[in-house]
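Every read-out reported here was derived from the displayed coordinates using simple, explicitly stated rules and does not represent laboratory data. Keep in mind the model is a prediction, meaning the values are calculated, not measured. Here the Cβ positions follow ideal geometry from the backbone for every residue, glycine too, while neighbour counts run over all protein chains shown.
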Amino acid sequence: MRKFSDWTLYFVFEGSIYGPFSVQDLDTLYISRGELPNSLVLIRTSIGSFSITKGSGEVALKNATSFNRIIEEVA
C-alpha cells in the first residue's frame, strides 16, 4: 500500500460516490450500521444507513473484498 499512500479513495454504492478518503488512512477506517455522530461519511442505502468512521467501528474497511460484503457483515 506504500506505493499508493498519496492516492485518494472513493466508494461507489447504489450510484452515489462517497469520499474522499486517503489511502494511507485505510487501515483506520471502519463501517458501522446506523448514523453515528462521529462519522466521516454517512451512506444512505435502500437497506439502511451506514457510517464510515476513523479509529473504531464494527467492520474494518481494510479487510473488505467488496462493499456489498461489508454491508452484509454489519447488516
Take the residues in the stretch 21-48 that are over 12 Å from the mean Cα position of the chain (by Cα) and of a type in the set (S, T, N, Q), then tell me which one is farthest from residue 11 (Cα to Cα).
-> 38
Can you find even one residue in the stretch 13-32 that is surrounded by 11 or more Cβ atoms within 10 Å (Cβ to Cβ), part of a loop (DSSP other than H, G, I, E, B) and small (Gly, Ala, Ser)?
-> no
